[in-house]
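A short worksheet on the structure shown next.
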Amino acid sequence: MRLLIVCTVSATVEAFMLPFADHFRRLGWKVDALANGVDQNETCRAHFDELYGIEWSRRPWDFRNLLRALNRARAVVTRGGYDIIHVHTPIAAFVLRLALKGMENRPAIVYTVHGFHFQPGNSWFGNAVFLNLERLAGRWTDFLVTMNRTDELAVRRFAIVPAPRSWHMPGIGIDRRHFRPHAVPAEKVAAVRRRFRVDADAPLFVMIAEFTARKRHRDAVAAFSRMKTRRAHLIFVGAGPGQRAIESQASAAGVSESTHFAGAVPDVRPYILAARAVVLPSSQEGLPRSVMESLCCGIPVLGSDIRGTRDLLENGGGLLFPVGDVNAFASLLDWFVENPAKAMEMGSRAEHSMGRYDIAEIIKLHEELYAKATAKAAVGAACR
């Protein structure tokens, strides 16, 4: 069997796809990857048979996605002779499916949605464009996989693919042996507080996210500055072009001494385990990784009431507030400060609710789906 895993950028391949490559290669499959920059990624090189770079970007309106990427994608697929192509993320998914439209004896195409680009709160024009592009590309898709209930319902409502070709999987898996309570020595957790001079008994909140507009770090700073207590601290873990603006906002709001910037870190677990709660005020997610990691570690989450986050917290592992409602956000931060015992109970419930998201369970679902995909492709080839 030959499998090609496709993502827009190599960081996605490295962060999420390695366990799948390892598993199916152990079964004797040939597993390759196609993404921007992946051919230069040494970490990925150890997990895949072949790595193919491609010039496309995460920006929907970047003309490189059509001018250069279509021929490259088609050439890689033609050369590889794949049985299955599994594509992730919307831009790569659309370009790849467009490139293979009408291809004779094409492989089975599986598309995992990491959050549709159309959703409430976006402009009506943008939503209309992205919805119609998804409906168009749905014609060239053998199986479409959603990871949250909102997107699953959207597939049915807008008939993006017929019901038998729509699958739901709870994400792309998390290693619960790696993310768990007491996953790292207590000394490493204490070192987080020492690094930023946070007292051992001071309430600490952590946000793990790239500094992009949709993550809404600005809401975290605004809510933090409105808390009743001044003993709390907030640590941002991550990097990105928007960091300086958030630093300036914290200074203007008078909370710069208790707002800290850790940058990108090799291991987020000590930061999660040091927190009273992890916060994520995003306006758009598929199934947020930082929320999953926190819940597996037994740390509750305070998140915006959006798809993905809502799914993960439905069993009581955290609290939700409306996107952009800074006052509600601040009130819930105060709740976590005033109710440490209840927060711990919430975290314990969260940990025990995460079994269905374990990477081993998700790999089993992929095995089932790939069996159906290859069977469908074999029937199609026999009919041609």
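The values are calculated or read from the model by the stated rules, or taken from the named source; none is laboratory data. Here the structure is a predicted model, which is why all the values come from computation and not from measurement. For neighbour counting, all protein chains shown are included, and Cβ atoms are generated from backbone atoms with ideal geometry for every residue, glycine included. Side chains are part of the model used for accessible areas, which takes the heavy atoms of the whole protein and leaves out ligands, DNA and RNA. Shrake-Rupley method; radii C 1.70, N 1.55, O 1.52, S 1.80 Å.
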(Q) Any residue that is within 22 Å of residue 116 (Cβ to Cβ), modelled with pLDDT under 95 and acidic (Asp, Glu) - is there at least one of those in segment 297-309? (A) no
(Q) Residue under question is residue 52, and the condition is that it be open to solvent by less than 50 Å² (accessible area, probe 1.4 Å), of a type in the set (Ser, Thr, Tyr) and within 30 Å of residue 304 (Cβ to Cβ); does it hold? (A) no
Q) Does any residue of segment 228-239 turn out to be more than 19 Å from the chain's Cα centre (by Cα) and over 18 Å from residue 337 (Cβ atoms)? A) no
**Q.** Members of segment 168-208 that are closer than 30 Å to residue 147 by Cα and open to solvent by 40 Å² or more (accessible area, probe 1.4 Å)
**A.** 168, 175, 176, 177, 178, 180, 182
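With without any contact (Cβ under 8 Å) to a residue 24 or more places away in the chain, over 16 Å from residue 174 (Cα atoms) and either surrounded by fewer than 20 Cβ atoms within 10 Å (Cβ to Cβ) or touching a helix residue (DSSP H, G or I) at 6+ places or on another chain (Cβ under 8 Å) (or both) as the only criterion, which of 327, 315, 339 stands out? Quick ask: steps written out before the conclusion?
Details: 327 fails: without any contact (Cβ under 8 Å) to a residue 24 or more places away in the chain; 315 fails: without any contact (Cβ under 8 Å) to a residue 24 or more places away in the chain.
Going through 327, 315, 339 in turn, the sole match is 339.
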Q) Taking interchain pairs and intrachain pairs at least six residues apart, which have beta carbon atoms under 6 angstrom, with the first residue in segment 183-202 and at negative phi and the second part of a loop (DSSP other than H, G, I, E, B)? A) 202/231
**Q.** Evaluation of residue 16 against (1) open to solvent by less than 30 Å² (accessible area, probe 1.4 Å); (2) part of a helix (DSSP H, G or I) (one fails), failing number
**A.** (1)
Q: Pick out the one residue from 269, 276 that is at pLDDT 95 or above, crowded, with 16+ Cβ neighbours inside 10 Å and either touching a strand residue (DSSP E or B) at 6+ places or on another chain (Cβ under 8 Å) or hydroxyl-bearing (Ser, Thr, Tyr) (or both).
A: 276
Q | Hits in segment 21-43 (condition: of a type in the set (A, V, I, L, M, F, W, C) and either closer than 15 Å to residue 1 by Cβ or in contact (Cβ under 8 Å) with a residue 40 or more places away in the chain (or both)) | A | 21, 24, 27, 29, 31, 34, 35
**Q.** Given (1) modelled with pLDDT of 95 or more; (2) surrounded by fewer than 22 Cβ atoms within 10 Å (Cβ to Cβ); (3) in contact with a Gly (Cβ under 8 Å, 6 or more places away or on another chain), number of the condition residue 9 does not satisfy
**A.** (1)
**Q.** Number of positions in segment 276-310 that are without any contact (Cβ under 8 Å) to a residue 40 or more places away in the chain and among the hydroxyl-bearing types (Ser, Thr, Tyr)
**A.** 1
